[in-house]
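The values are calculated or read from the model by the stated rules, or taken from the named source; none is laboratory data. Nothing here was measured: the structure is a model prediction, and the numbers come from that model. Positions of Cβ are generated from backbone atoms using ideal geometry, with glycine treated the same way; all protein chains shown enter the neighbour counts.
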Amino acid sequence: MAMGTLDPIVLGHNSFFGVNHLSREQGRQRDAVFEDVTRIVDMMRTAASLDVAAMMMSTHPRAALVAAAVRRDPELRERWTFYPLLPYITKYIRQSNEKGLVNVVLDQLKQAGWSQGLGMVARSGLGFLTKDYRRILTTLIDLELAPFQSLRVGTVFLHDVLTDLALALDLPELLALHVEAVRNRFDARGGFATKNLPLLVDRLRRYGFERPAILAQVNKAGFGMNPSRSRCEQTLQRTDLEVMAMGTLASGYLRPVEAFEYVFAQPAVQSIVVSVSTPEHAAETFGAAQAAAARQRV
Amino acid sequence: MPSGPLRVGVIGFGKMGLLHASIASGLDVSRLIAIADPTTGVLDPLRRFKPDLSVYEDYERMLEKESLDAVFITSPTHLHASTALACVSAGLPFLVEKPLSARASDCEPLVAAVARTRLTNAVGYMARHADTFRKAKQIVDSGVLGRLVHLQATMYVSQLFGAGQGWRYDPAYSGGGVLITQNSHLIDLLLWLFGPIRRVNGHVKPYYSEKVDDFAHAIFEFRSGLSGYMDASWSVRHHRTLDLSISVHGHTGNLQVTEDDVRLYLDEAMGEYQSGWTIFRKPDLFEGVTIDVGGPEYTRQDEQFLNAVATGRPVESNVQSALQVQRVVEAVYESSASGRSVSLEPR
């Protein structure tokens, strides 16, 4: 494990937002518990008492409430670093099933006060979207990141659906734009979530991205590792990238101690993001992760 | 037989067009050559970022101008059948998104034309390619459940809680509401797993929508003797993603399958399976894919189709099987309207 800029242990948002990749039923139960944002803040205090003060946060509607609670509390605001993951893609997929992809983008722009732009759509079609694509994409990124204004932001990860679309379509401009917008607006680093780690790393090198920050599934079960666990392991041997590992427990399928030993033994892994749902669970999980991280550092 | 990567075109550039275009572009077996969409300006971003890609407002012009090996059809539902028929005339293998058409009668000429020409074709019922449903199919086909008796199947997603916008909510374009749109996946899975349905009792209800169903219920009697119910809605709370669940009771065991897991219970050990519970969770069943954009099931589906184009092998989910889905959907609507059961057996 190389020393780097990512916090070694990052509190995940999944249980707070009803996401559970192993059991949707359990996801729904957790979602009900954390509907009360004070419970999320309580969990942050528990985590901080265990020396974990960094948090992954998708731009779920609940994220704005959490961010507001943190802003009001000087101690939390001082101590915590956020790793936003944007956009909250499930919302866009549902909306686009409902009203089509183009209307989703237009509605977002309307929300950002783009009435002028919408008038142009009426007059000249969507062509204006590309004429001014930088400003539009920057507006969309700003809109997503607005809740994190005046909080400490570590790396802002682009959601894997968008990263992987750009990867599949070979569109380096979009990836570069994310990095640029996040740097200019937030003075933070832009990184990429992906479901195709080896392919992305090869491509980023070809595109000329230096030392990219990448959020990807890494676990001993090989769950979610495309095209295969062994190909991902080869990529994870490299030291010219910084990987934040997610899905390290394969959504609770693996036991923490063996799971974290495996993950932190991968040279490219600097950091893990892991969800917890109770104080006991937090103590066990973070304890195992800190021990595994420390052993690799020696 | 084409040499080198297959040259792919995409017709319709909404969410599904973007997805299939990306997969076709990301796979080694194919190259994305051209996209057609009549919506003014929707292709401008591509013109800018992908200057090598040919873009057309008129798909017929694309079929005429480009020498393509395969096409993905992702236009609105009511255009599927006529567009696919144009591909048949051009001798071009196609994958068309589900549902196959707004009305079953619209796709009958297409099914007949495909039967005549034996053109490679596929319909986008991708749930068949999800790890858990693939496993369920293996178990059902193995016969360990014994005679199948009773079925419960549900599909829920929290999507619509007000009047919807666009073609999806006009039955002339979409064919109907949740029953034909997302729930056609569930009906396709049921037919794939359990064979033909012979009788349908249905009930559908709009609530948030004016003209299409937001809730659908049906009792199905299968030719095999299996019977049970299906319940579907896009207007229920607490389902952030589309959740499918199928539960079947057999003489010697039962099986429940969702996207999360497969739960098998057997009275006695049989074949490769033990007595009592056997649970397969997603990590047990996971197999990596070449490139994952939007879910491994889409990659598997598109790879299967493109490989079929290269080898001339047939695809299991095709216009013929998709027509059966349309017939079941229409039987549910018909039964709901008439208050009577509807037979699907040939008279």
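Here are a few things to note about the model shown:
- Residues that are more than 14 Å from chain A (Cβ to nearest Cβ), part of a helix (DSSP H, G or I) and within 21 Å of the chain's Cα centre (by Cα), drawn from the stretch B:140-172: B:V140, B:D141, B:P171, B:A172
- Considering residues of the stretch B:278-321 that are in a strand (DSSP E or B) and touching a Leu at 6+ places or on another chain (Cβ under 7 Å) only, the residue nearest to B:D28 (Cα to Cα): B:R281
- When residues of the stretch B:27-77 are limited to those that are at pLDDT below 95 and assigned to a helix (DSSP H, G or I), the one farthest from the chain's Cα centre (by Cα): B:R48
A quick yes/no check of all residues on (1) under 22 Å from B:K282 (Cα atoms); (2) buried (at least 24 other Cβ atoms within 10 Å of the Cβ):
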site	(1), (2)
A:R229	yes, no
A:P256	yes, no
A:V263	yes, yes
A:P279	no, no
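- Annotation for the stretch B:4-21: no member residue is more than 9 Å from chain A (Cβ to nearest Cβ), surrounded by fewer than 16 Cβ atoms within 10 Å (Cβ to Cβ) and touching a helix residue (DSSP H, G or I) at 6+ places or on another chain (Cβ under 8 Å).
- All conditions but one from (1) over 21 Å from the mean Cα position of the chain (by Cα); (2) in the same structural domain as B:F72 (by TED's automatic domain parsing); (3) of a type in the set (A, V, I, L, M, F, W, C); (4) buried (at least 21 other Cβ atoms within 10 Å of the Cβ) apply to B:L306; the one that does not is (1).
- A:A216 being surrounded by 20 or more Cβ atoms within 10 Å (Cβ to Cβ), within 12 Å of chain B (Cβ to nearest Cβ) and assigned to a strand (DSSP E or B): yes
- For the stretch A:249-264, taking the residues that are without any contact (Cβ under 8 Å) to a residue 40 or more places away in the chain and either within 12 Å of chain B (Cβ to nearest Cβ) or small (G, A, S) (or both), the one that is nearest to A:P198 (Cα to Cα) is identified as A:L249.
- Residue in the stretch B:254-273 that is under 15 Å from B:K137 (Cα atoms), surrounded by fewer than 17 Cβ atoms within 10 Å (Cβ to Cβ) and among the polar types (S, T, N, Q) present: no
- The residue that is nearest to B:L306 (Cα to Cα), counting only those in the stretch B:7-18 that are among the hydrophobic types (A, V, I, L, M, F, W, C) and either in a strand (DSSP E or B) or modelled with pLDDT of 95 or more (or both), is B:V8.
- Which listed residue, of A:L204, A:L177, A:L199, is outside any strand (DSSP E or B), among the aliphatic types (A, V, I, L, M) and within 24 Å of A:L151 (Cβ to Cβ): A:L177
- Criterion: within 13 Å of chain A (Cβ to nearest Cβ) and closer than 19 Å to B:R147 by Cα - qualifying residue of B:R237, B:R263, B:R300: B:R263
- The single residue among A:F186, A:F223 that is at the interface with another protein chain (Cβ under 9 Å from one of its Cβ atoms), among the aromatic types (F, W, Y), touching a strand residue (DSSP E or B) at 6+ places or on another chain (Cβ under 9 Å) and within 29 Å of A:E144 (Cβ to Cβ) turns out to be A:F223.
- Apart from one condition, B:A86 fits all of (1) outside any helix (DSSP H, G or I); (2) more than 14 Å from chain A (Cβ to nearest Cβ); (3) surrounded by fewer than 24 Cβ atoms within 10 Å (Cβ to Cβ); the exception is (1).
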